[in-house]
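Read through the structure below, which is laid out as structure tokens, and then see the notes.
The values are calculated or read from the model by the stated rules, or taken from the named source; none is laboratory data. Keep in mind the model is a prediction, meaning the values are calculated, not measured. A quick note on method: Cβ atoms are made from the backbone with ideal geometry, for glycine too, and the neighbour counts reach across all protein chains shown. For accessibility, only protein heavy atoms count, side chains too; no ligands or nucleic acids. Shrake-Rupley method; radii C 1.70, N 1.55, O 1.52, S 1.80 Å.
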Amino acid sequence: MDNEQCLDNHSNTIIHIDVDCFYAQVEMLRNPDLNNVPMGVSQKRFVVTCNYIARSVGIKKMMLITEAKEKCPELVLINGEDLHDYRQYSYKITELLLHSFNLVERLGLDENFIDATSEVNKRLQVCEGNLDPVGNVFGDTSDLCDCGCTERLKMGAIIAQELRDKIKSELKLTTCAGIAHNKLLAKIAGSRHKPNQQTIVFPNSAVELMLSLPSLTKIPGLGQKLCKDLETLGITNLEDLQNCDLTQLSNLLGPEKARVIYDLSFGIDRSVVKTTGKPQSIGIEDSKHITAETEVTEKLHELLSRLLLLVAEDGRIPRTIRLTVRQTNKTSRLTVRESRQCNINPSLFNCKDISQLPEHNINKIMSIIMRLFSKLVDTQRPYHLSLLGLAFTKFLEKPNIRSTLTKFLYNNMEVQSITDIENKYDTGKNSPKDSSPSTSYFDNSDSDIEQSTKKSKMENIIARRRIQNSEDCESPCKLKVADLRLNSIEKSSDENQNVPCPPNADEKVFRELPNDLQLELWKEYKKSRERIEGESLIRTKKSKTNTILNYLVKR
Ligand code: DCP
Ligand code: MG
Ligand code: MG
């Protein structure tokens, strides 16, 4: 069955993997001395997690530090406010899973759902005899379903064990897994036996598993707020939800949501595993109290530096920057959180390593941020901020000339990441204020704020290619010079007037390409010919498929 139709039959095999005491394990890997002592990871006033030694003496996740220290005075606390390494490990786990499976969905930093349905079916086709369940099984196994799900889930458990072993051997992290025919049951099953274990739940035990939850809030997807709303209908526990009047529930939540929640109470979940793409925005916030502009610039500068590290790791080029502030009105005591964003010229990121942007570019980005700030906060009057946040959104993939060319030549597809961008540079309703705040980051030039205009596909291809070329440039200024130089050489060159079409290439298509691309293809052809002649080698199959020229070769 196809993933889109995850109906409430038992055809799917879903694995949920959750890392044991995630932040604590990362800290223990960093410092193995922590392995044998009770240790916790703190953020502000809380122990956000702790190792299993600490858990054995009663320390719990999200316990106040004061309470935890009372319970276990020898508890070692590590500050976990810098999420950098946790994020790194988190992405490594997902990446590792994606090596074996296409359908991997991240949930938070330490969880992944894997739709193992097709792999399970493939393996079962060549598997003879009954399988033994690997790991724990939740509930009674005397009356199992005979639709084939029993063998599928057992095969799922074998795969779960393999994946957990791989995570352990490659990343040195222990994990728990749940194996079930849907995401809900897989997630809950995994938490039944911890740490470093896995649990299968067969469909006949679905309701029993749901009823084993201590409260409604433990149903994944039901937050505190929703549970409060349910209380108004007298629904305070799982049985109440199972026995509730669906019409009343629909009146409260709308028919769709009511049905979803009602089904969840019986362990029915039709949601599918959706591959998590790269995040749509990368942001960072700090909840510090700030009242002066020097502090604002200092804090935003710090946030920007940290954000650039994250963007560098992500590998894409941001197109939009968003500033968020939370300010309290002194008189009304009301706290308001607001954001403003604007497009940003991607050439500002023309640097091999975005985390090492030249000071000049940083200052330009800061000036854009401070412009946004002046639109959000009236800097002429006293203000009281309790949070500042920066985020980059609307990313451009670092362009790949080969795929761009392929698309252009054969698919004529939209260059989506560029044409999708809204044609406005400020999402705010008001026009920009004229007043120039005193900070040195301010300049009133709009040159780095992208005034997006819809470009032709060809322009987009060329624009992308320029960004790619610029990767080798140390600064955008050098990029511009290099780019101009390249263009002027090409324009004045005779070769460029009539670039020879490489033999075997489709000349008609070739002639439609911009001259600089034609030239590049010709050079590539010449280079490969020289290589072949020089080394008297016949091109291998691999190099053939990897050559841009091959995209042009007539079929
Ligand atoms: N986390 C957090 N704040 C919370 C909950 C969790 O910062 N309110 C962080 C710390 C955890 C990580 O997220 O290490 C993963 O959350 P889990 O709930 O999976 O908890 P752990 O992985 O720490 O422990 P477990 O072994 O119970 O999965
Ligand atoms: Mg965990
Ligand atoms: Mg988790």
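Test residue 12 against the stated conditions and say whether it is open to solvent by less than 40 Å² (accessible area, probe 1.4 Å), part of a loop (DSSP other than H, G, I, E, B) and either more than 16 Å from ligand 3 (Cβ to nearest atom) or in the same structural domain as residue 185 (by TED's automatic domain parsing) (or both). So residue 12 fits the description; yes. Do the conditions hold for residue 191, that is, is it open to solvent by 10 Å² or more (accessible area, probe 1.4 Å), small (Gly, Ala, Ser) and in contact (Cβ under 8 Å) with a residue 60 or more places away in the chain? Yes: the conditions hold for residue 191. Taken residue by residue, segment 136-149 has at least one member that is assigned by TED's automatic domain parsing to the domain that holds residue 12, in a helix (DSSP H, G or I) and in contact with a His (Cβ under 9 Å, 6 or more places away or on another chain). The criterion of at least 2 residues that are open to solvent by 60 Å² or more (accessible area, probe 1.4 Å) and outside the structural domain of residue 112 (by TED's automatic domain parsing) is met by the following strands (runs of 3 or more DSSP E) wholly inside segment 266-381: 317-328, 335-343. With respect to the conditions (1) crowded, with 16+ Cβ neighbours inside 10 Å; (2) within 19 Å of residue 11 (Cα to Cα), residue 145 falls short on a single one, namely (1). Only one entry of 177, 189 meets the criterion of being touching a Lys or Arg at 6+ places or on another chain (Cβ under 7 Å), of a type in the set (A, V, I, L, M) and under 18 Å from residue 21 (Cα atoms), and that entry is 177. Within segment 23-38, the residues that satisfy the criterion of being touching a helix residue (DSSP H, G or I) at 6+ places or on another chain (Cβ under 7 Å) and within 12 Å of ligand 1 (Cβ to nearest atom) are 23, 26, 27, 28. Out of 102, 31, 79, one residue alone is away from ligand 3 (no atom under 16 Å from the Cβ) and under 30 Å from residue 272 (Cα atoms). It is 102.
Restricting 94, 49 to those that are assigned by TED's automatic domain parsing to the domain that holds residue 200, within 16 Å of ligand 3 (Cβ to nearest atom), without any contact (Cβ under 8 Å) to a residue 60 or more places away in the chain and of a type in the set (Ser, Thr, Tyr) reduces the list to 49.
Considering 31, 36, the condition of being closer than 26 Å to residue 310 by Cα and away from ligand 2 (no atom under 16 Å from the Cβ) is satisfied by 31 alone. Taken over segment 301-351, the criterion of being at positive phi and not charged (D, E, K, R) is satisfied by 315 alone. For residue 27, the requirement of being part of a helix (DSSP H, G or I) and at pLDDT 95 or above is met. Criterion applied to 83, 75, 131 was being more than 24 Å from residue 173 (Cβ to Cβ) and without any contact (Cβ under 8 Å) to a residue 60 or more places away in the chain, and the one residue passing it is 131.
Filter segment 338-368 down to the residues that are among the charged types (D, E, K, R) and touching a helix residue (DSSP H, G or I) at 6+ places or on another chain (Cβ under 9 Å), then identify the one that is nearest to residue 298 (Cα to Cα). Of everything passing the filter in segment 338-368, 364 is nearest to residue 298 (Cα to Cα). Tell me whether segment 204-215 contains one or more residues that are touching a Cys at 6+ places or on another chain (Cβ under 7 Å) and within 20 Å of residue 15 (Cβ to Cβ). Yes. Residues in segment 232-242 that are open to solvent by less than 20 Å² (accessible area, probe 1.4 Å) and either part of a helix (DSSP H, G or I) or in contact (Cβ under 8 Å) with a residue 60 or more places away in the chain (or both): 238, 241.
Restricting attention to segment 164-181, which residues are surrounded by 24 or more Cβ atoms within 10 Å (Cβ to Cβ) and more than 16 Å from ligand 1 (Cβ to nearest atom)? Listed by number, the residues that qualify are 179, 180, 181. Every condition in (1) hydroxyl-bearing (Ser, Thr, Tyr); (2) within 15 Å of ligand 2 (Cβ to nearest atom); (3) exposed (fewer than 15 other Cβ atoms within 10 Å of the Cβ) is met by residue 23 except one, and the failing one is (3).
Let's see how each residue does on (1) out of contact with any strand residue (DSSP E or B) (no Cβ under 7 Å at 6 or more places or on another chain); (2) free of Cβ contacts under 8 Å to residues at least 12 places away in the same chain; (3) closer than 20 Å to residue 282 by Cβ:
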{"residue": "324", "(1), (2), (3)": "no, no, yes"}
{"residue": "330", "(1), (2), (3)": "yes, no, no"}
{"residue": "339", "(1), (2), (3)": "no, no, yes"}
{"residue": "344", "(1), (2), (3)": "no, no, yes"}
{"residue": "371", "(1), (2), (3)": "yes, no, no"}
{"residue": "381", "(1), (2), (3)": "yes, yes, no"}
{"residue": "386", "(1), (2), (3)": "no, no, no"}
